Amino acid sequence: MTGAAPKRHAKRMISLVDLRTRIEAGRLSPDAAIREARAAIAERDPSLGAILRMAPEGPVPEGPLAGVAVGIKDIIDTADMATEHGSPIYAGWRPRADAAVVARLRALGAVPLAKTATTAFAGLDPCGTVNPHDPAHTPGGSSSGSAAAVAAGLLPLALGTQTGGSVIRPAAFCGIAAIKPSFRLIPTVGVKTFSWALDTVGLFARFVPDLARALALIVERPAIETAEAGAPRIALCLQEFAGEADAEALDALTRAARAAERAGATLVDLALPEPFARAWAAHPTVQDFEARQALAWEVATHRAALPPVLGPQLDRAQELTAAQYDSARRDAHRARRQLKEMFSGFDAILTVSAVGRAPAIATTGDARFNRLWTLMGVPCVTVPVPGDGLPLGVQVIARFGDDGRALAIAGMIEAALRAEG
């Protein structure tokens, strides 16, 4: 690793569950917790670039998430802070209302404290955020600031979105836990659309139990936090059609699989049949056909202001036909139906979260091992795998709607890995 300050950032992560335990025990007030978050941002973010703007100071509300400062990805509307979508096209734009998920957080007593950096319109062009473990490397994208802010200990919870791999991949690169929930479990009302068939609001936190607590409260489903892993059947999957992962990523997957077995899981190998290869190949067609419509105004009136990766991507998308889009949607539907049947043979899938460690800052990384599961709409949880150097992660995938099971199994693996030391 390079850079002493970024290493210190990564060691100061805040557990949401621990924070709330201290508040409930009277050892820390909600107001003091929010003050600490503001101070951490002021001290450490200048070298990180994860935070774009801060909410005005005000009274800290009561509730089960009182004292929890939350980072809000800058494509998610906030009534008290500008929402600029990572683009100069929306410089200073102020929504009149909070996005639905932000309103829910406020109702729970959380404080949406900061807008976090995102790539433009949640695309592939890097933003200014660096990886907390090494500033020469990317934190991932498009939820760059949210992942980096949690990993640097600035915030205990942050919101991101995933259309390809924009929650799971940044979390793996930054060494934290994250969940891309089942499609539409968290409402996307008030979130800038890229692809309405794919966009999913996700959460970043230090540990998997932190995710389970937050998600259960946000979506009003207590069973998500209380779900138990039991002795799960886990299918080990390499997604060969997506290409090869780096040797280090495969080694992390092996370590996670062994940890799962020590915790009582039974592992089987899973080779995904051909319909999944077709669905994986169909993802860009679905995404880009919808993106060209979702961003049609920006293309028509501000094409020159679009960044160098997203602009040409949307230009190429103009050539896609409705017939191609419909065919891609059919491929996705067939794979979803088959995946539902396959889950009768196991409880979860375990696979890599990313190709390998975070690449250089000039890119946000590759979503090849994420995009199939986004298209399938199933819950995915990334678990950091401890080790030397830049972080690595694995992801646990469960059937649609079984977010509690995904989190329970991921938490079991995380605990076993942490016990290794």
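The values are calculated or read from the model by the stated rules, or taken from the named source; none is laboratory data. Quick caveat, the model's predicted, so the values are computed rather than measured. As a convention, Cβ positions derive from the backbone with ideal geometry for all residues, glycine included, and neighbour counts pool all protein chains shown.
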**Prompt:** Which of the following residues is farther than 15 Å from Trp373 by Cβ, crowded, with 24+ Cβ neighbours inside 10 Å and under 18 Å from the mean Cα position of the chain (by Cα): Ala216, Ala177?
**Reply:** Ala177
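When you scan segment 244-261, do you find a residue that is in contact with a Ser or Thr (Cβ under 6 Å, 6 or more places away or on another chain) and among the basic types (Lys, Arg), even just one?
Of the residues in segment 244-261, the ones in contact with a Ser or Thr (Cβ under 6 Å, 6 or more places away or on another chain) are none.
No, segment 244-261 has no match at all.
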**Asked** Has segment 385-399 got any residue that is surrounded by fewer than 16 Cβ atoms within 10 Å (Cβ to Cβ), of a type in the set (A, V, I, L, M) and at pLDDT 95 or above?
**Response** no
**Message:** Tell me the residue from Ala263, Ala294, Ala223 that is more than 30 Å from Arg104 (Cβ to Cβ) and of a type in the set (A, V, I, L, M), please.
**Reply:** Ala263
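Right, Ala300: modelled with pLDDT of 95 or more, touching an Asp or Glu at 6+ places or on another chain (Cβ under 9 Å), in a helix (DSSP H, G or I) and of a type in the set (Gly, Ala, Ser) or not? Steps first, please.
On the way: modelled with pLDDT of 95 or more: yes; touching an Asp or Glu at 6+ places or on another chain (Cβ under 9 Å): no; in a helix (DSSP H, G or I): yes; of a type in the set (Gly, Ala, Ser): yes.
Against the criterion (modelled with pLDDT of 95 or more, touching an Asp or Glu at 6+ places or on another chain (Cβ under 9 Å), in a helix (DSSP H, G or I) and of a type in the set (Gly, Ala, Ser)), Ala300 does not qualify.
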**Request:** Identify, from the list Asp45, Asp98, Asp18, the residue that is more than 28 Å from Gly387 (Cα to Cα) and either in contact (Cβ under 8 Å) with a residue 60 or more places away in the chain or among the acidic types (Asp, Glu) (or both).
**Result:** Asp98
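Could you tell me whether segment 259-275 includes any residue that is loosely packed, with under 15 Cβ neighbours inside 10 Å and either under 23 Å from the mean Cα position of the chain (by Cα) or among the polar types (S, T, N, Q) (or both)?
Initially, segment 259-275 is screened for residues loosely packed, with under 15 Cβ neighbours inside 10 Å, giving 261-262, 264, 266, 268-269, 271, 273-274.
Of the ones still in play, those that are also either under 23 Å from the mean Cα position of the chain (by Cα) or among the polar types (S, T, N, Q) (or both) are 266.
Yes: segment 259-275 contains one or more residues that are loosely packed, with under 15 Cβ neighbours inside 10 Å and either under 23 Å from the mean Cα position of the chain (by Cα) or among the polar types (S, T, N, Q) (or both).
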